[in-house]
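Colleague: I have a structure I would like to understand better, so I am pasting it below and will then ask my questions one at a time.
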Amino acid sequence: MIGGLGLDDLNQWIDDMLTTPNLYYIGVASTLVLIWGWNLILRAFAEVLAWISIFVVGIGLLASGFLVRNYAIENYPEGTETQKWLNYASWGIWGLTVIYALAVLCSWYSIKIAVKILRTSSRVIMSNMRMIIIPIVQIIFTVAWLGGSIYFLLWLLSCGKIEVVTVDILSIVYSYSTYSYTDEQKYFIYGSIFFFFWVTAFLIAAADYVLIVAVASWYFTENTDKRGNFSILKGYWWTARYNLGSLLFGSFIIAVVWTIRIIFEYIERKMKQNNGQMAPAL
């Protein structure tokens with residue numbers, strides 16, 4: 001049960017953090033430095049970097065076509081089937097290059113707007129580095145919620161009735177203990193797991209919403225005469241006062257999707273295990 005819940009992995013992570021805390025301090029400090037440095041570069045050279053990236057992608061596609069064609073000429077005789085298909089591939093890559101160039105030309109105005117948005121976002125971060133507080137607060141709440149959820153889930157899992165199962169293998173009797181649960185206990189367990197997904201999705205959505213409110217408040221109050229009002233507390237207040245229901249409803253949909261995904265991943269894993277066990281017999 002512990003292995004299935006991943007508590008052994010969690011214990012290993014805690015041991016790693018206690019053994020080498022300086023590495024985590026260095027990682028956090030270097031991340032902050034990289035955030036500051038990268039946003040400084042974007043603020044000064046956002047447009048140049050964007051067009052260089054677009055140009056490099058186009059040149060890469062064009063060069064890939066020549067590389068495929070040269071590979072076909074150098075490694076396969078003229079007229080062979082393989083060389084013919086490689087030539088088709090090179091022409092296909094050049095066709096994609098033309099489509100890429102046309103897409104860039106047709107989206108020229110949109111790209112310029114996107115670059116300005118990118119530059120503005122770097123300006124927001126450079127002017128309001130305290131936005132880093134938002135993900136830190138989210139991590140603290142998420143870790144606290146995760147710890148409490150695991151604690152209560154273990155209590156629920158321990159409410160089952162312990163049964164001893166005996167298995168006769170080659171005239172040797174083996175016995176092991178297992179839990180059996182009533183339908184009511186199963187509903188509590190499944191409901192707790194879904195509720196965990198729901199609240200986790202809500203914490204993520206709430207942090208995103210707080211950041212959106214702070215950035216929007218700054219954008220509409222910033223001008224050449226005064227500094228914009230980047231209010232983190234306003235985002236938390238609006239979350240609780242105006243948009244709690246919307247965030248909970250959206251988080252509910254995400255929790256449903258997560259639950260369905262985990263169920264299918266569980267079924268896929270069991271099918272792979274069964275196929276692996278049946279393979280030698282076949």
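Colleague: Go through segment 166-282 and tell me which helices (runs of 4 or more DSSP H), entirely inside it, have 2 or more residues that are modelled with pLDDT under 90 and closer than 24 Å to Val124 by Cα.
Modeller: On the way: elements: 183-221, 232-241, 244-278.
Hits in segment 166-282: 183-221, 232-241.
Colleague: How do the pairs read when you match residues in segment 100-125 that are assigned by TED's automatic domain parsing to the domain that holds Ile232 with residues anywhere that are at pLDDT 90 or above, using Cβ under 9 Å and keeping only pairs 6 or more apart or on different chains?
Modeller: Partner pairs satisfying both residue conditions: none exist.
Colleague: Return only the number of the condition from (1) modelled with pLDDT of 85 or more; (2) more than 24 Å from the chain's Cα centre (by Cα); (3) polar (S, T, N, Q) that Ser127 does not satisfy.
Modeller: (1)
The values are calculated or read from the model by the stated rules, or taken from the named source; none is laboratory data. Fair warning: this is a prediction, and the values are worked out from it, not measured in the lab. Note that we place each Cβ from the backbone using ideal geometry, even for glycine, and neighbour counts take in every protein chain shown.
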